[in-house]
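Peer 1: Please read through the structure below; I'll follow up with questions.
What follows is calculated from the coordinates using simple rules that are stated; it is not laboratory data. Bear in mind the structure is a predicted one, so any value in this text is a computation, not a measurement. For neighbour counting, all protein chains shown are included, and Cβ atoms are generated from backbone atoms with ideal geometry for every residue, glycine included.
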Amino acid sequence: MQRFLITLSLGPVQSLIGAARRTRDLWCGSWLLSEAARAAAHALHKQKKDCLIFPCLDNPNEDLQPQNNPGDAANIVNILRAEVEVCDAAAAGALCEQAKAAAISRLKELGEEVREELKKMKRPVRDDVWQAQIDDILEGFAAWVPVATEGYIQANKQLGGVLAARKATRDFRACKPLTERLRKSSLDGALETVLKGWPEGDRARRKLRLSSGEQLDALGVIKRLAGNSEQFTAYSRIAADAWIEQLTCEQQQRLCEKYNPLVGLDLATRVSGNKGIYDALPYDAQMLYEFRLDKELAQTKADAEIEVLKELKDCIKQISQENKVGPPVPYAAILKADGDRMGVLFSRATSAEQSRKISRTLHEFASKVRQIVRCHRGHAIYAGGDDVLALVPLEQALDCSRKLAESFKDALNEIAEDMGLVENERPTLSVGLGIGHLMEPLGSLRARADRAEHHAKGDDKDTPRNALAIALGIRSGAELSWRTRWDDKDAFDALAEFTNAYRNGLLPTRVAYDLRGIDQRFAWLRNDNSETAHGMRSAEIDRMRERARIEGGDKSIPNKLKALIQARAKKQSLKVLADTLIIARWLSARTAGDLGEHT
């Protein structure tokens with residue numbers, strides 16, 4: 001018998017997770033990939049007990065069983081690793097194939113459950129197209145290398161290179177020919193639609209949340225129907241959370257009574273996951289926004305539906321008048337986080353057992369992520385290893401990001417120290433927050449979160465990682481960005497101070513735009529660090545601060561804020577300071593009126 005290190009990488013991540021038009025697509029795609037990886041890991045565990053390195057679980061017999069609903073447990077990452085004793089390299093390869101077959105089988109099983117649901121709905125799909133696509137949904141790349149005596153470090157390093165080479169020399173199978181020209185899926189435009197004879201306005205189209213003209217491939221249909229839809233939380237419910245929480249219990253109850261009938265009409269979905277923290281209004285909350293509600297009223301022709309929608313509209317209007325507040329803020333944040341310097345940590349492992357210790361620590365952190373995000377009124381979509389994807393409301397986004405970074409660093413610090421890593425080599429967590437309007441396409445929102453995460457990662461030279469980056473997409477304007485390292489206490493304190501000032505009405509909106517105007521007027525002095533140039537900029541900022549008045553009155557802004565603006569202006573460019581203030585204003589918002597919006 002011979003020892004081998006084996007690894008299996010499942011994907012593609014883009015079609016399984018990235019191809020999404022609704023938050024349900026994003027949720028379900030993440031869960032499907034995790035379920036495929038769970039099945040593959042279970043197959044390896046059954047064949048070779050205690051062989052798994054990634055994932056490394058305390059109770060694999062139970063934790064690797066299929067999860068029919070995305071619950072609170074950590075996700076299983078899509079790259080598996082194990083140390084096995086087999087007779088030769090061919091046996092190691094066969095073991096990888098068995099694991100891949102188990103992953104494919106799990107996806108097909110979920111697909112068949114969806115087909116049964118479609119049969120109940122009496123809505124056919126194109127069988128030939130479905131079968132051709134379902135056989136080709138998942139791709140898996142495997143690699144294996146022998147482990148010589150005391151050669152784990154070398155085998156560990158070699159395995160990564162072999163897997164990269166295998167991915168670069170992938171197999172391309174011929175596409176199965178189709179007999180008719182079909183429209184492409186609206187999720188990514190790569191595959192043909194499987195929908196057949198689904199007319200516009202059909203109840204089944206509404207159940208799948210299909211917009212006018214939207215088409216879905218087999219994977220897209222599975223994303224819309226697999227699992228328990230109530231476990232998924234819509235982006236709109238996250239955005240409206242602060243507004244809902246400030247209502248009285250009686251107002252929340254009235255709102256629920258008017259919203260509930262929409263579920264039976266397939267105009268809304270229920271939200272019961274995330275340990276019930278959204279029970280004050282356990283629905284998607286889309287119809288709390290006038291632009292969504294009016295659009296649905298304009299499209300529907302059924303009298304019963306019109307009546308229900310109008311009753312809800314009247315209820316929302318009445319509650320807004322009672323509380324003297326406008327509609328909820330139509331913005332939320334997608335949080336995307338990734339561990340820093342994890343490659344350094346993995347490369348220091350001298351044995352499979354040491355790698356398992358890292359894996360176990362990462363799984364323990366991932367198992368806490370959902371609770372941390374929940375404590376900040378958000379909902380984690382994916383939490384596997386050092387990767388996190390979550391939806392968070394604006395006013396909790398900064399604190400949630402900081403808590404995740406602290407928890408990750410604390411979790412990995414002990415094992416990193418035991419393995420001899422000095423302080424600047426130890427793992428940290430970089431976090432990106434992509435903030436956007438709920439009417440913005442989900443693909444655009446996700447891309448912004450990706451950009452924010454990459455910005456947070458930096459380049460390890462001029463902008464070292466271990467940072468938070470925020471990318472704000474203003475629907476009526478440009479995208480703004482802000483970034484700082486977690487150890488820059490002054491920058492975080494300033495952002496928090498500005499955010500609280502906006503929330504308490506102590507800082508007028510115009511300050512940020514006045515600073516931007518000063519920066520543009522003095523553009524010719526940006527590279528001038530002379531005393532004269534500094535004096536001119538400082539004098540202009542002083543005049544601006546003295547003119548600034550608290551919103552809705554003639555009182556000057558507090559001296560503490562004046563001093564903070566001047567202090568930050570000396571440490572960063574006026575453009576960066578202006579962007580910081582604008583982002584702080586968004587982070588403080590609970591209603592659309594806080595951002596100058598009326599709907």
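Peer 1: Obtain the nm distance between the two label points defined at E307 and D72 by a simple spin-label model: each point lies 7 Å from its Cα along the Cα-to-C-beta direction.
Peer 2: Modelled inter-label distance: 4.2 nm.
Peer 1: Further question on the same structure: Taking the alpha-carbon distance from K48 and a cut-off under 25 Å, which lysines remain once sequence neighbours fewer than 8 residues away in the same chain are dropped?
Peer 2: Result set, ordered by chain and number: K100, K108, K157, K357.
Peer 1: Next question, about the same structure. Which of the aspartates and glutamates could be linked to K310 by a straight reach, that is with a Cα gap under 14 Å, when you skip same-chain ones fewer than 8 residues away?
Peer 2: E257, E290, D294, E296
Peer 1: Would you work out the relative contact order for the chain, in percent, from Cα pairs under 8 angstrom that are 6 or more residues apart?
Peer 2: The normalised contact order for the chain reaches 13 percent.
Peer 1: Report, ordered by chain and residue number, the aspartates and glutamates lying within cross-link reach of K560, taken as a straight Cα distance under 19 Å and ignoring same-chain residues fewer than 8 apart.
Peer 2: By straight Cα distance, K560 reaches D490, D493, E497, D514, E540, D542, E546, E551.
Peer 1: Could you order peptides 397-403, 87-93 by the average number of other Cβ atoms within 10 Å of their residues, highest first?
Peer 2: Highest to lowest by the protection proxy: 397-403, 87-93.
Peer 1: Which pairs break 19 Å Cα to Cα here: K207/K317; K122/K207; K258/K317; K368/K403; K275/K313?
Peer 2: Beyond 19 Å: K207/K317; K275/K313.
Peer 1: If I stretch the segment between N500 and Q253 completely, what's the gain in nm (0.36 nm per residue apart, minus their alpha carbon distance), one decimal?
Peer 2: Result: 85.9 nm gained on full extension.
Peer 1: So how far apart, in nm, are the two label points at Q2 and A298 if each is 7 Å from Cα heading toward Cβ?
Peer 2: 6.9
Peer 1: Could you tell me which trypsin sites (Lys or Arg not before Pro) in the stretch 1-74 are loop residues by DSSP with no more than 16 other beta carbons within 10 angstrom of their beta carbon?
Peer 2: Here the sparse-neighbourhood loop sites are K48, K49.
Peer 1: Full-extension gain between S272 and M342, please, as 0.36 nm times their residue separation minus the C-alpha to C-alpha distance.
Peer 2: Full-extension gain reported as 21.7 nm.
Peer 1: Starting from 0.36 nm per residue, how many nanometres of slack lie between R183 and I474 once their C-alpha separation is accounted for?
Peer 2: Full extension from R183 to I474 adds 101.5 nm.
Peer 1: Between R543 and K555, how many nm apart are label points set 7 Å from Cα along the C-beta direction?
Peer 2: Output for this residue pair reads 2.7 nm.
Peer 1: Ok, one more. Using only DSSP helix segments of four residues or longer, with each worth -39500 (n - 2.57), what per-residue ellipticity at 222 nm results for the chain after dividing by its residue count and rounding to 500?
Peer 2: When only DSSP H runs of four or more count, the value is -16500 deg cm²/dmol.
Peer 1: Also, I was wondering about something else. Which is the longest stretch in the chain that no exposed loop site breaks, taking sites as GluC sites (Glu not before Pro) with a DSSP loop state and at most 11 other Cβ atoms within 10 Å?
Peer 2: With GluC sites (Glu not before Pro) excluded where exposed in loops, the chain gives 201-599 as its longest stretch.
Peer 1: May I pose another question? Report relative contact order for the stretch 2-178 in percent, whole number only (criteria: Cα-Cα under 8 Å, sequence separation at least 6).
Peer 2: 35
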